[in-house]
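Asks: Handing you a structure now.
The values are calculated or read from the model by the stated rules, or taken from the named source; none is laboratory data. Since the structure is predicted, the reported quantities are computational estimates derived from the model, not experimental observations. Glycine also receives a Cβ, built like all others from the backbone with ideal geometry; neighbour counts cover every protein chain displayed. The area values use the complete protein model at the heavy-atom level, side chains included, leaving out ligands, DNA and RNA. Shrake-Rupley method; radii C 1.70, N 1.55, O 1.52, S 1.80 Å.
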Amino acid sequence: MDDKNVKEAIHNQHDKGYKFLLSSKRVFIELLRSFVKQEWVNDIDEANVVKVDKSFVLQDFADKEADLVYRVKLKEKEVIFYILMELQSTVDYQMPYRLLLYMVEIWRSILKDIPKKESRRKDFKLPVIVPIVLYNGVRKWTAKTSYKETLNSYETFGEYAVDFKYILIDVNRYTKEELLKLENLIASVFLLEQKVEFEEIMKRLKELSEILNNLDKDEILLFKAWFKKILLARLPEEERENIERIIDENKEVNIMISNLEKTILQEMKEREKKGIEKGIKKGIKKGIEKGMKRGIGVTVIKLLEKKFGNVPKEYVKKIEGVNRETLMAIVDNIFEINKIEDLDKFLK
């Protein structure tokens, strides 16, 4: 992949998902060789691969799927690879029908662009279209992969029923071991895209450290651009700038991963701490409101006992004699009261 293609892909801001990555011819071929178990994948030469800059997705499905079209010369014959990326989490049982529409539209487009004289020749043939569905939903893909199986009574008519099959790549069905074993960019992306908890993503990122570090410069650029978009979407807005800086500034992938882990874990701890403190304060205030019916002072004393043990009688007496505003001031500053004598500034 040349520098121009890499730069165009990285600056293509409308899509940082699979379409972004698979717009690289090298990654596209890597996808086929890694997940399509057919002998012909080994005959594909990058020099004979051309990306078609046109989408065939229906308007009604523009927010649910994306597509890529590649023209490939294979054994001196042109083949069309049509990759449909499902962006929805549910299984679409009309997928075979929609693929048929897209395939027919591709053939129609080809016929439109060639001279009529050529298309009317007796030996003229349209290119084979190999449809591929890339799906990363949690639920297992259960839609039919054969078109004729979506037709009523297809068994009766056998070979006369319209038919084709599509290749399914179901991201969440691959095991962690299978993806790690492939040791390439697209398998690494699949591993990080699987529906797992955030902590597991960071763990997997560490396991991928050596693999990612062995990628060439262009692939590392693609990975970092993709990963930055995916990771930032999962983080609170106030943390994104720092994380983005770490990804951009660290040239070595293993150093980037190490710095990301430290920073994200620290920020997660800070969020957790703030959440606990907020919850405690909220609980304290709630308890006080309830305690007002039977004596707000008693509630505050119990809270102080939990923090310091026994509360001296002199302080108990003072607390019982102050107003609600003073008690609320004690509650609001409970984490700043480090010793019992700190109450004096509230109980003057």
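Asks: For residue 102, work out the one condition from (1) open to solvent by 80 Å² or more (accessible area, probe 1.4 Å); (2) among the aromatic types (Phe, Trp, Tyr); (3) at pLDDT 95 or above it doesn't fulfil.
Replies: Result: residue 102 passes all but (1).
Asks: Give region 310-341 a look and list any residue that's more than 14 Å from residue 300 (Cβ to Cβ) and of a type in the set (Asp, Glu), or say none.
Replies: Correct list: 314, 336, 341.
Asks: Let me ask something else about it. Confirm whether residue 230 is surrounded by fewer than 17 Cβ atoms within 10 Å (Cβ to Cβ) and among the aliphatic types (A, V, I, L, M).
Replies: Details: surrounded by fewer than 17 Cβ atoms within 10 Å (Cβ to Cβ): yes; among the aliphatic types (A, V, I, L, M): yes.
For residue 230, the condition - surrounded by fewer than 17 Cβ atoms within 10 Å (Cβ to Cβ) and among the aliphatic types (A, V, I, L, M) - is met.
Asks: Considering only residues that are under 26 Å from residue 151 (Cβ atoms), of a type in the set (A, V, I, L, M, F, W, C) and in contact with a Ser or Thr (Cβ under 6 Å, 6 or more places away or on another chain), which ones fall in region 161-188? Break it down stepwise before answering.
Replies: Step one: list which residues in region 161-188 are under 26 Å from residue 151 (Cβ atoms), which gives 161-170.
With of a type in the set (A, V, I, L, M, F, W, C) added as a condition, the list becomes 161-162, 164, 167-169.
Selection gives 168 alone.
Asks: On to the next question. In region 207-227, which residues are open to solvent by 70 Å² or more (accessible area, probe 1.4 Å) and closer than 25 Å to residue 197 by Cβ?
Replies: First pass over region 207-227, keeping only residues open to solvent by 70 Å² or more (accessible area, probe 1.4 Å): 207, 210, 214, 217, 221.
Within region 207-227, 207, 210 meet the criteria.
Asks: Out of region 54-72, which residues are surrounded by fewer than 19 Cβ atoms within 10 Å (Cβ to Cβ) and farther than 18 Å from residue 107 by Cβ?
Replies: 59, 60, 61, 62, 63, 64
Asks: Filtering region 148-175 down to residues that are out of contact with any Leu (no Cβ under 6 Å at 6 or more places or on another chain) and among the hydroxyl-bearing types (Ser, Thr, Tyr), which residue is most open to solvent (accessible area, probe 1.4 Å)?
Replies: By that ranking, first place goes to 160.
Asks: Every residue in region 165-209 that is of a type in the set (Asp, Glu) and either modelled with pLDDT of 90 or more or not in a helix (DSSP H, G or I) (or both), please.
Replies: As a first pass, look at region 165-209 and keep what is of a type in the set (Asp, Glu): 170, 177-178, 183, 193, 197, 199-200, 207.
Once the filter is applied, which keeps residues that are of a type in the set (Asp, Glu) and either modelled with pLDDT of 90 or more or not in a helix (DSSP H, G or I) (or both), region 165-209 yields 170, 177, 178, 183, 197, 207.
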